[in-house]
Amino acid sequence: MNRFRFHPAFCIWRRVPILLSPGGVVLFLLLLIAVRSSAWAQTSPSPEIPFEERLRYYLDDKTRDAVRDLLAQERQVLQLVQNLHAEIKARGPEGLNADQAGFRQIYAHSDTLIRSYQQELARLVDVYDDLQKLQRVADYRGDERLLNQVADSKQELLASVDDPGLYKKGIYSSRRVGRMLDEYTSELDSLLNIYDALERARGRAQQQNNADALNSISEQQKRLFQVFSGWNKLGPMADTTMLRLRNEAQSLSLVMQQVDSLKESRNAQEARRLDAVKSALLNRVDKNLIDLLTHAGYSLTTYPTVSDYIDAWKKERLLDVRTRLTEYQIIQKRLLETATLDQRDRMLQRELGSLAVNFSTGEYRLAEFQIESIKAQFSPYYSYFVPLNYYLAECKYHRKAYDAARDLYSALAADTGSSRYRAASLIRLMQYAATFNLQQDFLTHYERLLEEPQADAQQRAFAHYMAANRFFIDNNLAASSRAIAAIPRSSEYHMPAQMLLAIVHLNQNDFAKAIPILQSLTDETSFPWTDLQTAYLRNTALLKLGLIYYQRGEFQNALSYFERVSQGFENYDQALIGQAWASLRLGDYDRSLARSSQLLNNFLASQFTYEALTLAGHCKRLLQQPLSALNAYRYIVRSQNEKEKKQAYNLERETAAAHERELNRLESEALEKKQVALYTEIEKIKEQLSGHLEVVNSRTDSGNLLLQDYYDERLELFNQLDDLEAVIEIAEQEDRPDLAEQARKQLARIVRVLETYRSDQEVVNTAFLLDFPLADKEASREYQRTNLTEVVRDLELEKRRLERNVELVSEYQRLSRNKGDAGSRNDLDLLETDLSHLRDRLSVLRKSVADVRPEPVATNAELWNDLAGFGLTDIIYKERSSRLNTIDQYAERLKGIEAVLAERRSEIESRLQGYENDIRRLQDSLLSRKIQLEQLERQTYFDKFYFDKKEQEQEGWEEQLNRTQTP
């Protein structure tokens, strides 16, 4: 029983789940299992989640992060306005009139734009009028060269007027946009009328065979085509052609994505080969066709998707919030420029006060926006922003954006001017490295923290405790002991460190040092509602002491320590199995059996289930209950077959999970394009897939003890129901209503029995409703470990891909700022925000996966399976031998009985033969007597009455016989 293990957490407290339910629930579950297979075989019902509800959830998932950011920015604007109002009020009328607070700088800007736009447009119109005059003059003089120059100038001027950059300088309004559309439609109609006139002229020219006119008309039509092309409106395209093009483009995009994903897990040579394949594929694409379609306004999607609407909405809302925020930041900047030193400090204190309140109330995203704003606005006047950088990292850490927080902590740890916050940053980096199992990084940060002069005692103690756990996990017990020794007694980590030290000594088989430490921990008194950590450590120490004394052969001391463990302790099942073994060694078989049964009743999925069953079977054999022990051994042996079934089910589930992922992708596409029919079909397929898994999972034996009892006893009742229904049917066919009514009454009685069957019993643990729960737990744990390994690998690849994308976006942002392209900069800002949200979500997922780390269930199933098999074989052999002896005894007895029966038979046969002889003699005597009487009667009649003619009373032969026999 060498089970010395340690959990590095301070306190792990888990209540055992209890489910109180009447026995009728078990009936319902059994009936549900019975009809489940046939139910799934029928037509699947309509999807439980309507399309509109699913689409609403999909929109919420897609916009959740954006809405939170927009809400935080709106609150940022509100608090900025409040702070500006307070500052303006504090400065008074004189200060406000002196600097105007930047109001004119904001609200006069639109008038300046409108005037500059109108002036530029008026100048272009004047120039166009002058060119019209020059064209008429050149046409009048017949100077072809001058005429061409004027025409080229007009074309350049028209291009300038049509330049979208010019219109961006104007202020858009609904009236102005409508007027522009009317002008565009009118001009397009004019051009189409010209084109129709040219077509009519072409017809007349063809009738007259005028080649010069045909050439001129073709030239004019070409110019019109050029005008149409410049307006991004080419000729019509068939829908089928556009659909094929869209499918090909999507296929090409998928191929490119697969090539990029393959490059992540390949070496340099294969990556270069994939790049060559990608380049060759791109070279074979007709770029002219793509450019033509792009300029013509065609989209490679059939219609705008939900994501298109979401992106447009996010862009609009983001620009709106940033515009209003920028307006007030301009006012703030003007106030800072005109402020004195005291006024500037006062403004900074207000901003920091709002930031502190938001951080303390958990508004971390709002605090991040405020920190970035403070650094941008106050950087010309202040240079020390290390505290803000630290709290920015803390905001990201508390938001679980661990990767982004790690970058900030690393920068703080590398900054020589942030000594005050360097120790705290190193602590966070150690936590990050410990979480994601970065051993080398952890040791590096630990060494740097020990050399940090600004680290306080609490930080050093926590670092030593984390390092001790890390060394213990790496089996470096000496280093773990040194780290524990460095933790002072006054530290809050002293008690858990002492427990870890005791575990270190136990793993070194140094019981003399471990026992005093554990006994000191058991003397700590606590109450569960005041100090869970102390209760956890105390119960763990009691458990370890019990194991130590059991290994040393002091079973009574071991039993006393096991019994002192609290029943609410999460490892109480280990205390129960310890009590059972100690009681067995002390010869108290009834108590050992009782503790084993208690563990099985309350912790059926415990890792000690097989051990407890083996122990219970052994105790039952010692108590002369071999048949009961046989059931316990059979459960252990059958559980291994059940584990193999669960593993096969997990393989089926893995295949189904792959199909479900593909269905989820198709479902997202259906939601994106709002295809209700496709969504309905996908939901039906998912429902059938889930039903298939349920049917596969139900193909198991009823293995637990409670269900086995219910099954055996209720099966007979169900068979009786079937028989009674058959009797009723036959009685109705034979027109026997009395028999049918009697059968119905009997059927009603059985139904009442089923309704009230064991209704007084309660299910006290949900594990009873599972088949072989521990085998299922073992197979599920293996399945989880396999899947988590693949998930961790995929997450790391996705993390590197996201980091590269973030770097590319940063580079594009730098280029867009240099070019002054506001539209591209806004798009890149939106893309950067989306990537940061995706990175944060990825961090949360990586942290969740790292926290799970499912360990294999240490059941030692092979050992207990072998012992159960030996016990099973021994019991069967002894039972067989005993029954063979009984059969031999019965055979001997049967031989004696057969001899006695043969003797009695002979005696009875001789007696029967004598009886038959007596009866024959009696019959012969009676027959001769009868003959004599008949002869006498005839002789008397002949003598007395044959010749006598007198009437006289005749005497019957019976009277005559009696008379003759009377003396």
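The values are calculated or read from the model by the stated rules, or taken from the named source; none is laboratory data. Quick caveat: nothing in here was measured; it's all calculated off a predicted structure. Cβ sites come from the backbone with ideal geometry, for glycine too, and all protein chains shown count toward neighbours. Heads up: the accessible areas ignore ligands, DNA and RNA and are worked out on the full protein's heavy atoms, side chains in. Shrake-Rupley method; radii C 1.70, N 1.55, O 1.52, S 1.80 Å.
Taking the Cα centroid of the stretch 866-918 and of the stretch 440-502, what is the distance between the two, rounded to the nearest whole Å?
79 Å
Taking the Cα centre of the stretch 772-857 as the origin, how large is its charge dipole in debye, to the nearest 20, when only Lys and Arg (+1) and Asp and Glu (-1) carry charge on their Cβ atoms?
With Lys and Arg at +1 and Asp and Glu at -1, about 220 debye.
The stretch 357-459: which chymotrypsin sites (Phe, Trp or Tyr not before Pro) are DSSP loop and have at most 12 other beta-carbon atoms within 10 angstrom?
The qualifying sites are TYR384.
May I ask for the percentage of alpha-carbon pairs in the stretch 405-484 that lie more than 16 Å from each other?
Of all Cα-Cα pairs in the stretch 405-484, 45 percent lie more than 16 Å apart.
Is the stretch 558-607 rounded, prolate or oblate when judged by the Cα gyration tensor, a ≥ b ≥ c being the square roots of its eigenvalues, rounded requiring a/c under 1.5 and prolate requiring a/b larger than b/c?
oblate
Going by accessible area, probe 1.4 Å, with all protein chains left in place, what is the ranking of THR416, THR534, largest first?
Order by accessible area, largest first: THR416, THR534.
What does the charge dipole of the stretch 360-412 about its Cα centre add up to, to the nearest 20 debye, if the Cβ of each Lys and Arg holds +1 and the Cβ of each Asp and Glu holds -1?
In debye, rounded to 20, the stretch 360-412 gives about 80.
Show me, for the stretch 362-375, the HN-Hα J-couplings you get by feeding each phi into the Karplus relation (A = 6.51, B = -1.76, C = 1.60, θ = phi - 60°), rounded to Hz, glycine and proline as x.
Ordered by residue, 3J(HN,Hα) equals x, 8, 6, 5, 5, 4, 4, 4, 5, 4, 4, 5, 4, 5 Hz.
Using θ = phi - 60° and the Karplus form 6.51 cos²θ - 1.76 cosθ + 1.60, what ³J(HN,Hα) does each residue of the stretch 826-841 get, whole Hz, x for Gly and Pro?
Karplus values, whole Hz, x for Gly and Pro: 5, 4, 5, 4, 5, 5, 5, 5, 5, 5, 5, 5, 5, 5, 5, 5.
Whole-Hz ³J(HN,Hα) for each residue in the stretch 894-901, computed from phi via Karplus 6.51 cos²θ - 1.76 cosθ + 1.60 with θ = phi - 60°, x for glycine and proline: what do you get?
Karplus-based 3J(HN,Hα) across the stretch 894-901 equals 5, 4, x, 5, 5, 5, 4, 5 Hz.
Within the P(r) computed for the stretch 772-857, what percentage of the Cα pairs occupies the region above 23 Å?
Here the long-distance tail beyond 23 Å is 46 percent of all Cα pairs in the stretch 772-857.
Using Cα centres only, tell me the gap between the stretch 312-386 and the stretch 622-659 in whole Å.
64 Å
Roughly what would the spin-label model give for VAL255 and GLU725, points 7 Å off Cα along C-beta, in nm?
My value for the distance between the label points is 6.1 nm.
From largest accessible area down, sort SER383, SER910, SER836; use a 1.4 Å probe on the protein chains. Could you put the intermediate results ahead of the total?
Details: SER383 115, SER910 70, SER836 40 Å².
So, going from the largest accessible area down, we get SER383, SER910, SER836.
Hey, can you rank 78-89, 495-506 by average C-beta count inside 10 Å, highest first? Intermediate values should be presented prior to the final figure.
On the way: 78-89: 15.6, 495-506: 23.0.
Highest to lowest by the protection proxy: 495-506, 78-89.
What relative contact order, as a whole-number percentage, does the stretch 772-857 give when Cα pairs under 8 Å and 6 or more residues apart are counted?
Values: 37 pairs, mean separation 43.2, N = 86.
It rounds to 50 percent for the stretch 772-857.
In this model, which of LYS315/LYS673; LYS400/LYS799; LYS314/LYS686; LYS314/LYS673; LYS314/LYS375; LYS544/LYS620 are farther than 22 Å apart at the alpha-carbon? All intermediate terms of the calculation are to be shown ahead of the outcome.
Values: LYS315/LYS673 20 Å; LYS400/LYS799 15 Å; LYS314/LYS686 32 Å; LYS314/LYS673 19 Å; LYS314/LYS375 25 Å; LYS544/LYS620 28 Å.
Beyond 22 Å between Cα atoms: LYS314/LYS686; LYS314/LYS375; LYS544/LYS620.
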